[in-house]
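Have a look at the structure below before the remarks.
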Protein chains: 2
Amino acid sequence: MPITANNPKRKTWIKTPTNTDFPIQNIPFGVFLTRDDVITIGTRIGDTAIDLGALHQLGYFEGIPLTDDIFLQDSLNDFISDGKKTWRLVRNRIAEIFDAENDALKKNKEHCKIVLFTLDEIEMQLPVTVGDYTDFYSSIEHATNVGTMFRDPDNALLPNWLHIPVGYHGRSSSIIPSGIPVHRPQGQKLINGTEKPIFGPSRLVDFELEMAFITTDANQLGEPIPIEEAEDYIFGLVLFNDWSARDIQKWEYVPLGPFLAKNFASSISPWIVTLDALEPYRVAGPKPLKEQLPYLQYTGKKSFDINLEVAIQPEKAKETIVSRSNFKHMYWNMSQQLAHHTVNGCPVNSGDMMGSGTISGPTPDSYGSMLELSWRGEKPVQLKEGGSRKFIEDNDTVIMRGHCEKDGVRIGFGEVSTKLLPVFKK
Amino acid sequence: MPITANNPKRKTWIKTPTNTDFPIQNIPFGVFLTRDDVITIGTRIGDTAIDLGALHQLGYFEGIPLTDDIFLQDSLNDFISDGKKTWRLVRNRIAEIFDAENDALKKNKEHCKIVLFTLDEIEMQLPVTVGDYTDFYSSIEHATNVGTMFRDPDNALLPNWLHIPVGYHGRSSSIIPSGIPVHRPQGQKLINGTEKPIFGPSRLVDFELEMAFITTDANQLGEPIPIEEAEDYIFGLVLFNDWSARDIQKWEYVPLGPFLAKNFASSISPWIVTLDALEPYRVAGPKPLKEQLPYLQYTGKKSFDINLEVAIQPEKAKETIVSRSNFKHMYWNMSQQLAHHTVNGCPVNSGDMMGSGTISGPTPDSYGSMLELSWRGEKPVQLKEGGSRKFIEDNDTVIMRGHCEKDGVRIGFGEVSTKLLPVFKK
């Protein structure tokens, strides 16, 4: 079925700011609370939020097999379970409804009043109930930087890294949408040269610039997903800030991996941009440096050209962009990650989230964490306003943004913006 | 509020086999499918399953603040969210309803027909929808055995082990109830002395004898749970078999921990035995070998004396008990685990599951995994029937059982029984 929603020539009758992340070619999905305190599933064009629950009740999705309450829910999980064909039908239909040539809804002022919201009338929620969250470690630049700093510059990559899209399980309960502040975590740390850990606030709170993809129900227990089918099970992507406490991480992570250093919070952008919408931005991925096992070999372009940036905004000061990276740098792509994750029969469900791992680029200004940007704190990052930073300070806001651009169409993710508050006090 | 349900003198009018795991003092909670294809929450006395949804509809819980459909659900999550006071009221009431001195239900044959089931009329389901699953590594004997085998017998414990209840995140989607078979997983393995991994079936499939506790909603993002409050948020426990593929684990786990080696399956016993029911079996835990940080220090008895055993049953052969251990051996207790897990503000919700880690005892016949019992395969374990085992073979069934016993009352968990099938073929 063609993705007619992606037609680059289509214009919309919704007033849309120039250079918006959300032209009519985007049509992302999210969940919001409306001015009437109703939770609904919606989409966004320009700075207008659209209540899909109301649109459906008014009959605008006639002919598409959808249950009556599919959009009147507090998560996208059920809609995502309906599968790729349905997502595509709905996105194509939304494009038609808001097409500049179609004034059926436009001229129905009553319906417009029910369906359309300005952004200050809504409050974005988590778009999915995350069943399981997995985080990968798939940027070769990031893995090399970390290995260089903490192990051996001549053997920075561990022996398994070029063979395995290394990943580990994370905590779903602390995944929060953009706008929710996070407290500086406390925990155990070992001061260099001592033998007894101390307890206190993490002094090395960091962001990790990631993207995460959201899956649909993919397989039964025991059944692997072949790599060439993997994209069928990917609904879309969000920006993902994998908050990390480096001092807690260093002391706790051997031998079972990071735990409290990560599970105090992970922040996501609230609009899921569909894989369909990203179709025009496919690019070839990096060439494998070592031969990969057959279950990880793929054909075609499975990487996506998504520009990413991270800004730090100290309290009452202007923001500074501290990193510019790109999702295309990932050594292991999403299809490889999903094929690997399920090769042992691990079941993947609707609403599961899979983070890319920190997306560092090849140059020092494209690194995806303060750990790398400040090189363990040895090279503080100068801000335009608010001094310099080795790591994130109390009341700093970390903002991540992402967008694709080609042939005059820009598809963006909006942003994930999170303020770091001081340590929690009861 | 007194836990009157624990009265050791109480008898029941339900016919109960001697030495049952489920006397009227137990009253565990589970979810089952009935002969009429209805999913309901239930309990069990002896070999009789009791439909709590039907009991509630018939008015037997009058006076207890419960929503009408609280037991007519496919998971216990909402009931668990109601909190400890409600769990206790319900358990106490169930004890009264089935007390030998109370014939209100007993003499109502109509009601009995609706409420009571033989075990062959029901099919046990997963008792909770697991939001997040965490696995700890809290047996000093297990950690020492693993360290001795793979690192250094003189420094078997890693430096953090005596300070941190080490834990890591696991996969919720592959937690299955007793009775569901598991396929031997495939994955990457590195043959000793080679540099290039190969792909194929794991040759070192193992069980891990664990228990897991299930939590209620405990805290908001950012807010730690003090150790002395931790037990308020623990609903109950199950037996837990953390299936493991040792060869996959060895190649993948550095630096972010086990992933595909674990997430192909974890099996649980289907009846959740409440922490209340285990109250009489409290014992003091092991003395700390090093001083613990204040947030991990506790008063009173926080360990539980639960006898555990593992049997292997080859196809068409008798089972052999290969290990006898006890939950009281755990160096870190559940309160310490929960206080640690939340000290950074990580939120814990109803239905979250926390595994203990392999529960090995001090003697070689009390080790909780084949890795330890066969000492990496160097000392095959002799079975009564079906040869010997270094690890688990295709079509073997692994059975774990657990029970407490004191003053003539036995509180048991039933069993978790899982057959290992050959590699999945489409």
Legend entry - region B:309-345, subset touching an Asp or Glu at 6+ places or on another chain (Cβ under 9 Å) and aliphatic (A, V, I, L, M), residue farthest from the other protein chains (Cβ to nearest Cβ): B:321
Inset, instruction - Return yes when residue A:286 is more than 14 Å from chain B (Cβ to nearest Cβ) and closer than 28 Å to residue B:197 by Cβ and no when it is not. - result: yes
Inset, instruction - At least 2 residues that are of a type in the set (S, T, N, Q) in each: list the strands (runs of 3 or more DSSP E) lying fully within region A:166-233 that qualify. - result: A:186-189
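Restricting region B:346-357 to residues that are out of contact with any Leu (no Cβ under 6 Å at 6 or more places or on another chain) and in a loop (DSSP other than H, G, I, E, B), which is farthest from the other protein chains (Cβ to nearest Cβ)?
To start, the set of residues in region B:346-357 that are out of contact with any Leu (no Cβ under 6 Å at 6 or more places or on another chain) comprises B:346, B:348-357.
Within this subset, residues satisfying the condition of being in a loop (DSSP other than H, G, I, E, B) are B:346, B:348-352, B:356-357.
On the way: B:346: 4, B:348: 7, B:349: 6, B:350: 11, B:351: 10, B:352: 7, B:356: 14, B:357: 9 Å.
My answer is B:356.
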Inset, instruction - Answer yes or no: is there a residue in region A:146-155 that is within 14 Å of chain B (Cβ to nearest Cβ), basic (Lys, Arg) and within 23 Å of residue A:241 (Cβ to Cβ). - result: no
Inset, instruction - Check off (1) surrounded by fewer than 24 Cβ atoms within 10 Å (Cβ to Cβ); (2) within 26 Å of residue B:76 (Cβ to Cβ); (3) touching a helix residue (DSSP H, G or I) at 6+ places or on another chain (Cβ under 7 Å) for residue B:203 and give me the number that stays unchecked. - result: (2)
Inset, instruction - Select from region A:280-296 the residues that are surrounded by 13 or more Cβ atoms within 10 Å (Cβ to Cβ) and either out of contact with any Phe, Trp or Tyr (no Cβ under 9 Å at 6 or more places or on another chain) or not aliphatic (A, V, I, L, M) (or both) and list them in ascending order. - result: A:280, A:281, A:282, A:285, A:286, A:288, A:292, A:295
Inset, instruction - All but one of (1) over 14 Å from the mean Cα position of the chain (by Cα); (2) at negative phi hold for residue B:408, so report the exception by its number. - result: (2)
Inset, instruction - Using the structure shown, decide if residue A:384 is surrounded by fewer than 14 Cβ atoms within 10 Å (Cβ to Cβ), farther than 13 Å from residue A:207 by Cβ and within 14 Å of another protein chain (Cβ to nearest Cβ). - result: no
Legend entry - Residue in region B:235-248 that is closer than 30 Å to residue B:415 by Cα, out of contact with any strand residue (DSSP E or B) (no Cβ under 7 Å at 6 or more places or on another chain) and in contact (Cβ under 8 Å) with a residue 12 or more places away in the chain present: no
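Using the structure shown, decide if residue B:287 is free of Cβ contacts under 8 Å to residues at least 12 places away in the same chain and either of a type in the set (S, T, N, Q) or within 30 Å of residue B:393 (Cβ to Cβ) (or both).
Considered against the rule, which asks whether it is free of Cβ contacts under 8 Å to residues at least 12 places away in the same chain and either of a type in the set (S, T, N, Q) or within 30 Å of residue B:393 (Cβ to Cβ) (or both), residue B:287 comes out as no.
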Legend entry - region A:49-91: number of residues that are in a loop (DSSP other than H, G, I, E, B) and not hydroxyl-bearing (Ser, Thr, Tyr): 18
Inset, instruction - Considering every residue within region B:193-202, establish whether at least one is basic (Lys, Arg) and in contact with a strand residue (DSSP E or B) (Cβ under 8 Å, 6 or more places away or on another chain). - result: no
Legend entry - Search result, residues across region A:211-229 that are small (Gly, Ala, Ser) and within 30 Å of residue A:399 (Cα to Cα): A:212
Inset, instruction - Answer yes if at least one residue in region B:177-189 is farther than 26 Å from residue B:354 by Cα and more than 8 Å from every other protein chain (Cβ to nearest Cβ), and no otherwise. - result: yes
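Which residues, counting only those in region A:1-23, are aliphatic (A, V, I, L, M) and closer than 20 Å to residue A:127 by Cβ?
Taking region A:1-23 as the starting set, the residues that turn out to be aliphatic (A, V, I, L, M) are A:1, A:3, A:5, A:14.
A:5, the sole residue that qualifies.
Results for (1) under 22 Å from the mean Cα position of the chain (by Cα); (2) surrounded by 22 or more Cβ atoms within 10 Å (Cβ to Cβ), shown as yes or no for each residue.
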{"position": "B:8", "(1), (2)": "no, no"}
{"position": "B:13", "(1), (2)": "no, no"}
{"position": "B:16", "(1), (2)": "no, no"}
{"position": "B:27", "(1), (2)": "yes, yes"}
{"position": "B:43", "(1), (2)": "yes, yes"}
{"position": "B:47", "(1), (2)": "yes, no"}
{"position": "B:60", "(1), (2)": "no, no"}
{"position": "B:64", "(1), (2)": "no, no"}
Inset, instruction - Please find, within region B:206-242, the residue that is surrounded by the fewest Cβ atoms within 10 Å (Cβ to Cβ) out of those that are over 13 Å from the mean Cα position of the chain (by Cα) and among the hydrophobic types (A, V, I, L, M, F, W, C). - result: B:221
Legend entry - Subset of region A:266-294 [in a loop (DSSP other than H, G, I, E, B), of a type outside the set (Ser, Thr, Tyr) and within 30 Å of residue B:222 (Cβ to Cβ)]: A:270, A:271
Inset, instruction - Just give me the residues in region A:338-357 being under 14 Å from residue A:231 (Cβ atoms) and under 17 Å from the mean Cα position of the chain (by Cα), in sequence order. - result: A:338, A:354
Inset, instruction - List the number of the failed condition for residue B:166; all other conditions in (1) touching a helix residue (DSSP H, G or I) at 6+ places or on another chain (Cβ under 8 Å); (2) β-branched (Val, Ile, Thr); (3) over 20 Å from residue B:241 (Cα atoms); (4) within 11 Å of chain A (Cβ to nearest Cβ) hold. - result: (3)
Inset, instruction - Consider only pairs whose beta carbons are under 7 Å apart and that are at least six residues apart or on different chains; among these, list those whose first residue lies in region B:392-410 and is farther than 18 Å from residue B:312 by Cα and whose second residue is hydroxyl-bearing (Ser, Thr, Tyr). - result: B:404/B:281; B:406/B:281
Legend entry - Residue count for region B:236-265, restricted to those that are part of a strand (DSSP E or B) and within 11 Å of chain A (Cβ to nearest Cβ): 1
Inset, instruction - Of the conditions (1) under 25 Å from residue A:232 (Cβ atoms); (2) surrounded by fewer than 17 Cβ atoms within 10 Å (Cβ to Cβ); (3) without any contact (Cβ under 8 Å) to a residue 40 or more places away in the chain; (4) not charged (D, E, K, R), residue A:70 clears all except one; give me its number. - result: (2)
Inset, instruction - Taking residue A:117 as meeting all but one of (1) in a loop (DSSP other than H, G, I, E, B); (2) within 16 Å of residue A:15 (Cβ to Cβ), write down the number of the exception. - result: (1)
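Quick grid of which residues meet (1) surrounded by fewer than 20 Cβ atoms within 10 Å (Cβ to Cβ); (2) farther than 17 Å from residue A:239 by Cβ; (3) outside the structural domain of residue A:368 (by TED's automatic domain parsing):
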| position | (1), (2), (3) |
| --- | --- |
| A:317 | yes, yes, no |
| A:321 | yes, no, no |
| A:333 | no, yes, no |
| A:351 | no, yes, no |
| A:356 | no, no, no |
Inset, instruction - Quickly run through region A:25-48 and pick out the residues that are in a strand (DSSP E or B), of a type in the set (A, V, I, L, M, F, W, C) and closer than 20 Å to residue A:176 by Cα. - result: A:29, A:31, A:32, A:33, A:39, A:41
Inset, instruction - Identify all residues within region B:387-426 that are surrounded by fewer than 21 Cβ atoms within 10 Å (Cβ to Cβ), in a loop (DSSP other than H, G, I, E, B) and among the charged types (D, E, K, R); write none if there are none. - result: B:390, B:393, B:394, B:407, B:425, B:426
Legend entry - Failed criterion for residue A:419 (all others in (1) over 16 Å from residue A:243 (Cβ atoms); (2) within 14 Å of chain B (Cβ to nearest Cβ) hold): (1)
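The values are calculated or read from the model by the stated rules, or taken from the named source; none is laboratory data. Everything numeric in this text was worked out from a predicted model, so none of it was measured. Reconstructed Cβ throughout: ideal geometry from the backbone, glycine too, with neighbour counts over all protein chains shown.
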